[in-house]
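> This is the structure I have questions about; it appears just below.
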Amino acid sequence: MSAFVQILTGFLGSLGFSVLFQLRGKKLFFAAFGGFLSWSLYLLFGLFFQSEPLQYFLSAVAVTIYSEILARILKTPTSTFLVSSIVPLIPGGALYNTMCRALDTDFTVFTESAAHTGSLALSLAAGIVAVSSVMKIINTVTVSFKKR
Amino acid sequence: MDYNELLTCALDIGELMLISGAEIGRVEDSVKRIVSAYDIARADIFTITSNIVVTLTPESGAPITQTRRILKYETDLEKLHSLNHLSRYICRVKPDTDYIAKEIARIRKMAPHKLITQVAASALIAGSFTIFFGGKFTDGLISALIGAIVKLLVYAIDKTQVNAVFSNLICSAVASLIAFAFVRIGAGQDVSKIIIGNIMLLIPGIALTNSMRDLINGDIIAGTLRLCEAAVIALAIAGGFILVSLLFGGVAA
C-alpha cells in the first residue's frame, strides 16, 4: 500500500515539476511518467539489493536511458525528460535529516548523515553520467559510420 | 553575409539556451554548429554559467568577438526544445539572419504557464512529497497550501531582484514558520514531513544535476561554478529552516 502511495505521489511530484519547467502537451506526460518509472524501479531494485546508493544508481541509469531514447524519438534535448524524471530520486528526505542533525550537538551523527546524503546524490549523478557517456560514444560511432 | 549579425544570432540562441536550462556542452556545441554552417575558418567558444564568449574568424575578413553576460536563469524546457529545433534547422537549411532573428524573437515571446497554474503545480509538488515521505493526508494538504504560498513569495521576491541566497533563506524560513504554526495549533501532525515536501520544492535539483553533467563532460569550471551555486542555495534553505527551528525550540526528527 505505502509503495503504491509513493509511486503515485512520485508521479504527481514529477508532473508538478514538469509544469514548473514549462513543458506542455505529450512532453509533459512523458516527463511525469519518468517520475513514476524512477520510483517504481527504485522500489523494484530494493527487492534484490539491500544498498540504498546502489538502488539510486540503477534507477538513475534506467530513467536516463528512458529519457535518452524518448529525446531521440521526439527530437528534443535529453533534459526535457530527465530533469523531471529524477525528481523523486532527489534526496530531499536525507537532506532534511542532515539539517535536523545539524541542530543536534552530536557532531558525529551529523557528519554521518551528511555523508549519507552526499552518497545518494553522488549515486544519482553517477547513474546519469554513466548513461550519457555511453550514449556519447554510441553517437560518435554511428555518426562516423554514416559518413562512410 | 554579415558575420556580425550571424554571430549575434548564434549568441542569442546560446544565451537563451543557457537561461532555459541547457548544459554547457549543449550550448557550446549548438553555437559552434550554427556558425560552422556558414563559411567560417574558425570559431572559438567559451561558455561558463554566467558568460559566453565567441570569436569568429570568417574565411575572408577580420575576426569578430562578442560576449554575453548571463545574470539569471529561468528553466523553460519548452523554449529549450524550440531553440534546439531552430539550431538543427539552421544547420540543415542555412537560412539568412533575418529569418533567424525573427524565429529567436518568436521563441523569446513564448509565454510561460499562467501564474495560477504554476501556483497549483507548486502546491501539487509540496503536497505530493509530504505524503511521499510518509506524511498523513491532512499534512499533505497543509504542505500544499504552504507550497502555494511559497510560489507566490518566490514570484514577489523575484520582482525585487534580490539575490538567490536571501530569497531561498526567506522562502525556507516562511515555509518552516507556517508548518510549525499549523502543528502548534493542532491542525498538522508531523512538522518534519510538511517541511520535507516544501524542501523538495525549493531544492536546486536541476542545478545540481547539470553541474554533475558539466563536470563529467569536461567543463570543469562551469561544473564547479554550478555545484557551488547549488551548494550555497542548499545552505540558504538549511539556514532558513534552522533559524525557525531554533525559535520553536528544535524538532523531534
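Here, each number is a calculation from the coordinates, and none is a lab measurement. Quick caveat, the model's predicted, so the values are computed rather than measured. FYI the Cβ positions are ideal-geometry reconstructions off the backbone, even for glycines, and counts take in every protein chain you see.
> How about A:Lys146: which aspartates and glutamates have a C-alpha closer than 15 Å to its C-alpha, ignoring those fewer than 8 places off in the same chain?
Hits, sequence-local ones excluded: zero.
> Got a sec? Which residues in the stretch B:173-195 would a label at B:Leu145 touch, if it sits 7 Å along Cα→Cβ and we count backbone N under 17 Å?
B:174-195
> Tell me, what ³J(HN,Hα) does each residue in the stretch A:45-60 have, in order and in whole Hz, if you take phi through Karplus 6.51 cos²θ - 1.76 cosθ + 1.60 with θ = phi - 60° and put x for Gly and Pro?
Taking θ as phi minus 60°, the curve returns 4, x, 6, 9, 10, 9, 9, 4, x, 5, 4, 4, 4, 5, 5, 5 Hz for the stretch A:45-60.
> Spin-label point model (7 Å from Cα, Cβ direction): what's the B:Cys228 to B:Lys109 distance in nm?
That separation, rounded to one decimal, is 4.0 nm.
> Each residue of the stretch A:86-93 in turn: what ³J(HN,Hα) in whole Hz from Karplus with 6.51, -1.76, 1.60 and θ = phi - 60°, glycine and Pro shown as x?
7, 3, x, 8, 5, x, x, x
> Now a separate question. If we count every other residue with Cβ under 14 angstrom of A:Leu120's Cβ, Lys/Arg +1 and Asp/Glu -1, where does the sum land?
Surrounding charge for A:Leu120 is -2.
> Multiplying the sequence separation of B:Thr117 and B:Asp98 by 0.36 nm and subtracting their Cα-Cα distance, what value in nm do you get?
Working it through step by step, the gained length comes to 3.4 nm.
> Calculate the spin-label point distance for A:Ala3 paired with B:Met1, positioning each point 7 Å from the Cα along the beta-carbon direction, and give it in nanometres.
5.9
> Give me Rg over Rh for the protein assembly as shown, both radii from the alpha carbons and Rh done the Kirkwood way, two decimal places.
1.00
> Okay, next question. Using only the Cα atoms of the stretch A:67-112, construct the convex hull and provide its projected area averaged over every direction, in square nanometres to one decimal.
So the mean shadow area of the Cα hull is 4.0 nm².
> By counting other Cβ atoms within 10 Å of each Cβ, how are B:Asp96, B:Asp29 ranked from fewest to most?
B:Asp96, B:Asp29
> Quick check on my link table: of B:Lys79/B:Lys193; A:Lys75/B:Lys94; B:Lys102/B:Lys151; B:Lys32/B:Lys109; A:Lys27/B:Lys109; A:Lys27/B:Lys94, which ones sit more than 30 Å apart, alpha carbon to alpha carbon?
B:Lys79/B:Lys193; B:Lys102/B:Lys151
> Normalised by the residues of chain B, what does the relative contact order come to in percent, with Cα pairs under 8 Å and at least six apart?
17
> Loop only by DSSP, 10 or fewer other Cβ within 10 Å of the Cβ. Give me the chymotrypsin sites (Phe, Trp or Tyr not before Pro) in the stretch B:11-117 that pass, ordered by residue number.
Hits after loop and neighbour filter: nothing returned.
> Let me ask something else about it. Rank the residues B:Arg69, B:Arg184, A:Arg101 as a footprinting-exposure proxy: fewest other Cβ atoms within 10 Å of their Cβ go first.
B:Arg69, B:Arg184, A:Arg101
> Okay, moving on. Given chain B, report the % of alpha carbon pairs whose separation exceeds 32 Å.
35
> Still on this structure: Dipole size in debye (nearest 20) for chain B around its Cα centre, Lys and Arg Cβ +1, Asp and Glu Cβ -1?
It comes to approximately 640 debye.
> Here is a follow-up. Along Cα→Cβ, 7 Å out, is where each label goes; now give me the distance between the ones at B:Leu247 and B:Thr67 in nm to one decimal.
Spacing of the two 7 Å Cα→Cβ label points: 4.3 nm.
> Below 11 angstrom from the Cβ of B:Ile194, what's the summed charge of the other residues (Lys, Arg +1; Asp, Glu -1)?
Net of charged neighbours comes to 0.
> What is the distance in Å between the Cα centroid of the stretch B:112-175 and that of the stretch B:1-68?
The two parts, judged by their Cα centres, are 37 Å apart.
> If you take every residue apart from B:Ser87 with its C-beta less than 13 Å away from the C-beta of B:Ser87, what net charge results, scoring Lys and Arg +1 and Asp and Glu -1?
Here the charged neighbours net out to +3.
> Report relative contact order for the stretch A:19-113 in percent, whole number only (criteria: Cα-Cα under 8 Å, sequence separation at least 6).
It comes to 30 percent, rounded to a whole number.
> Using the Kirkwood formula over every pair of different C-alpha atoms, what hydrodynamic radius in Å results for the stretch B:1-122?
14.9
> A further question on this structure: Dividing the alpha-carbon Rg of chain A by 2.2 N^0.38 Å yields what?
Dividing the Cα radius of gyration by 2.2 N^0.38 Å gives 1.18.
> Once phi is turned into ³J(HN,Hα) by the Karplus curve 6.51 cos²θ - 1.76 cosθ + 1.60 with θ = phi - 60°, what whole-Hz value does each residue of the stretch B:202-214 show in order, with x for glycine and proline?
Per-residue couplings from phi come out as 8, 3, x, x, 5, 5, 5, 5, 5, 5, 5, 5, 4 Hz.
> Kindly put B:Val119, B:Val31 in sequence by how many other C-beta atoms sit within 10 Å of each C-beta, fewest to most.
B:Val119, B:Val31
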